[in-house]
Structures are given as structure tokens and as C-alpha cells.
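The values are calculated or read from the model by the stated rules, or taken from the named source; none is laboratory data. Computed from a predicted structure; not experimentally measured. A quick note on method: Cβ atoms are made from the backbone with ideal geometry, for glycine too, and the neighbour counts reach across all protein chains shown. Quick note on the areas: whole protein, heavy atoms, side chains included, nothing else; ligands and nucleic acids left out. Shrake-Rupley method; radii C 1.70, N 1.55, O 1.52, S 1.80 Å.
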Amino acid sequence: MKEAIEKFVGYLRYERNASPNTLRDYRFDVEQFRDFLTPPGEATLPLDQVDHRVIREFVSWLWDRRLEKASVARKLAALRTFFKFCVRERYTKQNPARLVCTPKLGRRVPRVQTAEEMNAFLNELAENPAAKKSKRRRPRTPKSQGEERLVLKRDRAILELLYASGLRVSELVGLNLASVDRYGQMLRVLGKGRKERVVPYGAKAQEALEAYWPVRANILANARREGNAEAVFLNHRGGRLTTRSVHAMVTRYGRLNNIDWNLHPHSLRHAFATHLLADGADLRAIQELLGHVSLSTTQRYTQASIQQLMAVYDKAHPHA
């Protein structure tokens with residue numbers, strides 16, 4: 001089974017152009033299933049002996065570990081794809097995972113910040129660098145203050161760009177200088193499945209980026225090792241910024257600005273789509289900008305817009 005898993009991961013990487021996150025998740029899910037098929041001190045159950053009853057036992061085992069419905073559904077999707085590949089490669093004659101039902105998932109409507117909330121947050125970041133202050137035991141030196149101002153310019157560019165273009169975090173950190181049209185204010189983005197799309201960004205993001213370019217040059221000049229000359233967003237060592245760093249940075253700004261909503265990178269993407277829709281943008285156009293394969297994924301934002309509309313109605317109408 002180990003050989004089949006390695007070939008499966010290669011198939012996902014080279015034929016399906018799957019993202020690194022998808023490769024990691026699918027490998028983990030299939031290897032977890034292999035471990036389930038391998039009792040202590042015994043050999044792994046051969047693939048051609050796996051039927052739908054075995055997979056149902058695996059699902060029951062997952063429920064016993066109190067996994068969420070979404071996690072179980074993802075693991076089943078990984079197994080369906082894996083056994084479909086195994087049928088193609090003649091490791092097995094049928095796909096037993098097709099006979100196991102996926103748990104029904106509730107449709108979650110994202111909590112989206114209003115345009116006023118987003119503008120207030122981003123404007124405060126631009127006009128009041130003191131909002132970044134945190135509790136420190138030691139007084140800051142002039143050098144550390146200067147470094148904070150530089151980091152603030154980079155972080156502001158990241159936040160403005162996330163909101164202005166609706167990028168996923170992985171797409172943002174994957175941006176290269178060649179991907180940015182500074183005069184046309186356009187980004188060439190490599191999304192899920194290695195699919196490329198072109199996304200515009202606005203004047204505020206352009207202003208933040210122009211303030212960041214000298215900071216980026218300074219980081220590269222002072223890097224102890226050879227920095228990443230291609231990446232747009234760099235860490236203090238000159239390397240490409242990671243998705244984990246962006247997640248931590250966005251969450252930190254949410255705490256430091258004492259906002260009463262849960263701020264994370266994807267909430268900026270939600271806000272981008274919902275505010276476009278509220279101002280009359282076409283749903284198909286939003287689908288293209290977000291890089292969604294299915295229109296049904298984009299339609300979640302119509303529910304968020306309706307919820308915001310009802311909240312305004314309930315607050316403002318005298319007979320609500």
C-alpha cells in the first residue's frame with residue numbers, strides 16, 4: 001500500500017497540479033487509513049480486500065475520536081480520490097469509498113465585517129502607528145522603534161492587499177515581483193490547482209505597496225544571508241514570508257486594535273467578496289476574482305449580504 005500512496009501523491013502533484021496543502025492533507029488522510037488497516041503486530045490489509053464495510057468501520061473509528069463532520073467528509077473525499085486512482089492503476093477493481101455516504105454538513109454563513117468596520121480598522125493602522133504598541137517590559141530603543149515602523153509598512157501593505165484583492169494567504173505569500181503590475185494595479189495570482197488568474201487592486205493598496213517597496217529593499221540589503229529577490233513579502237531575514245506568519249500577524253493586529261470581531265486573513269477575503277456584492281458586483285465576476293471553481297461556493301456570500309441587510313432593517317425600521 002505504501003507504493004500506491006507514493007504514486008497517488010505523485011499523481012496529485014504532477015497530473016492534478018494540487019497545491020502543497022492539498023498534497024499534505026491527502027497524504028495524511030490516506031496514511032491514517034493505512035494505519036487503521038494495520039493492527040499492531042500484523043500485516044496491512046491488502047487493498048483488494050478493502051470493501052465499503054471496512055471504510056464504514058474507519059468512519060466509525062473517526063467518530064469515536066470526536067472529529068468534526070467537515071474533517072470526516074474531507075477524509076472520505078481523500079479516500080474516494082485514492083481508490084479511484086487505485087482502480088485506474090489496477091491495484092483494485094472497484095472504488096469501495098463511493099458506497100459510503102458523506103456526513104451532511106451544515107451551511108455556515110461567515111460573519112462578515114461591515115465596510116465601515118474594515119475602513120476604520122485599516123485607516124487606524126495607516127494613521128496611528130501607536131495602535132501597534134504592546135505591553136513591553138523593556139523600554140524600546142530608537143533602533144527597535146525604527147524596525148517597528150518598517151514592519152508596520154510591510155504589514156499594512158499585506159492587510160490592504162488582502163482586503164483589496166480577496167487573495168488567499170497562500171496566494172499572497174506566493175506573489176513574486178513579476179506578478180505585480182505596479183502601473184496597471186493588477187496581480188497575476190497562482191491559485192488552487194495551479195490555476196492562474198488576474199486580480200486588480202485599488203488606490204489604498206497601491207499607496208501601501210509604494211510605501212513598502214523601500215522597506216523591502218532595505219530588508220534585502222541588510223539580510224545576513226542571500227535573501228529571496230523574487231518574493232514580494234519578506235521576513236526580517238530576507239526570506240519569503242510564510243502563511244503561518246501572516247496568520248499570526250493579522251490576529252495580532254486584531255488584538256492590539258481591540259476590535260470586537262475575530263480577525264483572521266480569510267475574514268478579509270470574506271469582506272472583499274461581500275462588500276463587492278453589496279455594491280452591485282456580478283456574482284460571476286466575484287467568482288472569477290476569488291478563483292472559485294464552483295459558483296455555489298461564491299453564493300455563500302449572498303447569504304452573508306442578506307444577513308447584513310436584515311440586521312440593518314431590524315435596527316432602522318420602526319415596525320421591524
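Beta carbons closer than 7 Å, at least 6 apart along the sequence or on distinct chains, never pair a first residue in region 53-69 that is closer than 19 Å to Gln94 by Cα and modelled with pLDDT of 90 or more with a second that is among the charged types (D, E, K, R) and open to solvent by 50 Å² or more (accessible area, probe 1.4 Å).
Answer yes or no as to whether Glu226 is open to solvent by 20 Å² or more (accessible area, probe 1.4 Å), without any contact (Cβ under 8 Å) to a residue 40 or more places away in the chain, part of a helix (DSSP H, G or I) and not hydrophobic (A, V, I, L, M, F, W, C). Answer is no for this residue. Among the residues of region 151-199, those that are in contact (Cβ under 8 Å) with a residue 60 or more places away in the chain and in a strand (DSSP E or B) comprise Val189, Arg197, Val199. Kindly indicate whether Ala126 is modelled with pLDDT under 90, of a type in the set (A, V, I, L, M) and either in a loop (DSSP other than H, G, I, E, B) or loosely packed, with under 15 Cβ neighbours inside 10 Å (or both). In short, no.
Yes or no: Arg225 farther than 17 Å from Leu159 by Cβ and not β-branched (Val, Ile, Thr)? Here the answer is yes, as Arg225 does meet what is asked.
Please verify whether Arg136 is part of a loop (DSSP other than H, G, I, E, B) and either modelled with pLDDT under 80 or open to solvent by 70 Å² or more (accessible area, probe 1.4 Å) (or both), treating the condition exactly as stated. It is true that Arg136 is part of a loop (DSSP other than H, G, I, E, B) and either modelled with pLDDT under 80 or open to solvent by 70 Å² or more (accessible area, probe 1.4 Å) (or both).
Taken over region 283-306, the criterion of being at pLDDT 75 or above, open to solvent by 50 Å² or more (accessible area, probe 1.4 Å) and not in a helix (DSSP H, G or I) is satisfied by Val293 alone. Within region 254-261, the presence of a residue that is within 22 Å of the chain's Cα centre (by Cα), in a helix (DSSP H, G or I) and buried (at least 20 other Cβ atoms within 10 Å of the Cβ) is excluded. Taking the criterion of being in contact with a helix residue (DSSP H, G or I) (Cβ under 9 Å, 6 or more places away or on another chain) and either outside any helix (DSSP H, G or I) or open to solvent by 60 Å² or more (accessible area, probe 1.4 Å) (or both), the residues of region 26-35 that qualify are Arg27, Phe28. Scanning region 13-24 turns up no residue that is aromatic (Phe, Trp, Tyr) and touching a residue at least 12 places away in the same chain (Cβ under 8 Å). The listed residues are Val189, Val199, Val169, and the only one of them that is over 23 Å from Ala248 (Cβ atoms), surrounded by 19 or more Cβ atoms within 10 Å (Cβ to Cβ) and of a type outside the set (D, E, K, R) turns out to be Val199. For region 148-166, give me each residue that is of a type in the set (A, V, I, L, M, F, W, C) and either over 15 Å from Val199 (Cα atoms) or open to solvent by less than 20 Å² (accessible area, probe 1.4 Å) (or both). Listed by number, the residues that qualify are Leu150, Val151, Leu152, Ala157, Ile158, Leu159, Leu161, Leu162.
So that you can scan it fast, the table gives a plain yes or no per residue for (1) assigned to a loop (DSSP other than H, G, I, E, B); (2) surrounded by 12 or more Cβ atoms within 10 Å (Cβ to Cβ); (3) modelled with pLDDT of 90 or more; (4) not charged (D, E, K, R):
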site	(1), (2), (3), (4)
Val9	no, yes, yes, yes
Arg13	no, yes, no, no
Arg24	no, yes, yes, no
Pro40	yes, no, no, yes
Val72	no, yes, yes, yes
Phe83	no, yes, yes, yes
Lys104	yes, no, no, no
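On inspection, Leu47 qualifies as over 30 Å from Lys195 (Cβ atoms), in contact with a helix residue (DSSP H, G or I) (Cβ under 9 Å, 6 or more places away or on another chain) and either without any contact (Cβ under 8 Å) to a residue 60 or more places away in the chain or among the basic types (Lys, Arg) (or both).
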